[in-house]
Amino acid sequence: MEASGQGSDWQFLQCFGERTPGEEIQEADIISTVEFDHDGMHLATGDRGGRVVLFERVNPNARGPGMDVRQTPPMPHGAAFECRYMTEFQSHEPEFDYLKSLEIEEKINQVRWCRSSSATRMLLSTNDKTVKLWKVYEKKVACLANFNVESRGPAGLGGPWTNSVSMPRLSKPLHVPTVTSTEILLAARCKKVYANAHTYHINSISVNSDGETFLSADDLRINMWNLEIAEQSFNLVDIKPSNMEDLTEVITSAEFHPTHCHTLAYSSSKGCIRLADMRAAALCDQHAKAYAEAESQANKSFFSEIIASISDISFSEDGRYILSRDYMTLKLWDINKENAPVATYNVHEQLRARLCDLYENDSIFDKFDCCINGSGTGIATGSYNNLFRVFNAWDGTDATLEASRDPMRKRLQAPPSRNRLAGRKGAAPQGTLPAGAAELGTDYMSKLLHLAWHPEANVIAVAASNSLYMYCA
């Protein structure tokens, strides 16, 4: 397999919850988050109905009869990579805040896996106000037989009981019932509820590399929790001004560094990413680094600040780079370079002429996820018409794919990205859209907002409405 997978055609692997033509989609069934665990053996999705659905990868190390036990199995590819449904549970229920007369939706905003040393799976899920820690474990259910009391119906139905007070007679001397069979079922139990710490809607949760703490972020504050303590949290970042009329930006996303437990990054609606170091101060209002790109005055417009707002950020696995997604572009930042991104990838450049229409129908406020593969060579994000874009991080080549059983069906050559690859020469030139392609109809309701890249293999899971598709390169 290639390092990044961008040089190969992407193949359809699996689909869960595929729609039939003309099927009406229930609002509660629309997927709102997708997340692989740290080794890619499990996949979790959350939906607007407050449910969390878990999938597991079919064990690639399973060996059939006659296989050489000394041979190391190859990395799964194509049809060899398979996931299956595990279980699902109701994580959140709709609530009502009587103090503020505010309805709290059950929609799952994010799901994050916690590392576990046992076979038990632990994960965090959050809606707008409450984070919950869930334990998913195997539970043995025994079927018993040979009871001391014969099973008979009440009086009038052929039973010997004359009234409700009389006790049944023992048919034989007392003995221990026997277990005829046992069945292993998956059960989910809520271990902790982290509530009452956010005034505004939670947009991000992130588990720390120390395995003991996690953060939760809303529009104005970032709190840090200990997984074992649900009663209190520590405020890390607070950008709320004393006078709310002075508010100029909000926090849009936050994530811990993958290896440094003292470092976190958070993005803002002004297109800035700030890196905070908890070793410098307990309260991280004063950031250690800020990553922002100066916009030329000639390009400023009414929509500039809206489209500059960052909807999602993601660290590379080694923590050297930060990938950010705003409405128009993907940007790759080197944490050692603050004034400009290493590369910029145009995603929605063809929509720039239609920003006024997008503002009118509120599509300009859509928040798209971004993801980066384990080797840091491939990045991906969603778009409209149930399309998603996959880029090679270093030479800028890309593919536009559709979330369907035939991902290449509506493939278009990408528009010029004008990628700025710092310190790298000979970047591959970009293609151009076919004439008139920018004017083709765009279905703004069919938007692919959520996707995740497997941490080890070139496998991407994407959520298109209520369907989960998986692809491999």
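The values are calculated or read from the model by the stated rules, or taken from the named source; none is laboratory data. As the structure is a prediction and not an experimental result, all values here were calculated from the model. Backbone-built Cβ (ideal geometry, glycine too); neighbour counts: all protein chains shown. For the accessible areas, the whole protein counts, side chains as well, though only heavy atoms, and no ligand, DNA or RNA atoms are used. Shrake-Rupley method; radii C 1.70, N 1.55, O 1.52, S 1.80 Å.
With 10 Å bins beginning at zero, the pair-distance distribution over Cα atoms of segment 308-374 amounts to 20, 48, 24, 9, 0 %.
Available extension along the chain between Tyr137 and Ala290 is 50.9 nm, counting 0.36 nm per residue and deducting the alpha carbon span. Where only protein heavy atoms count, and the probe is 1.4 Å, what is the accessible area per residue for segment 283-367 in Å²? That works out to 47 Å² per residue. Sparse packing (at most 16 other Cβ atoms within 10 Å of the Cβ) combined with a DSSP loop state is found for the following trypsin sites (Lys or Arg not before Pro) in segment 201-282: Lys270, Arg279.
The lysines whose alpha-carbon is closer than 19 Å to the alpha-carbon of Lys135, local same-chain residues fewer than 8 away aside, are Lys191, Lys192. Straight-distance candidates among the lysines for linking to Lys270, with alpha-carbon spacing under 20 Å and chain neighbours fewer than 8 residues away dropped: Lys240, Lys289, Lys300, Lys331, Lys337, Lys367.
Peptides 113-125, 137-149 ranked from most to least packed give 113-125, 137-149, packing being the mean of other C-beta atoms within 10 angstrom over each peptide's residues. Taking the empirical scaling 2.2 N^0.38 Å for compact globular proteins as reference, segment 177-291 has a Cα radius of gyration ratio of 1.39.
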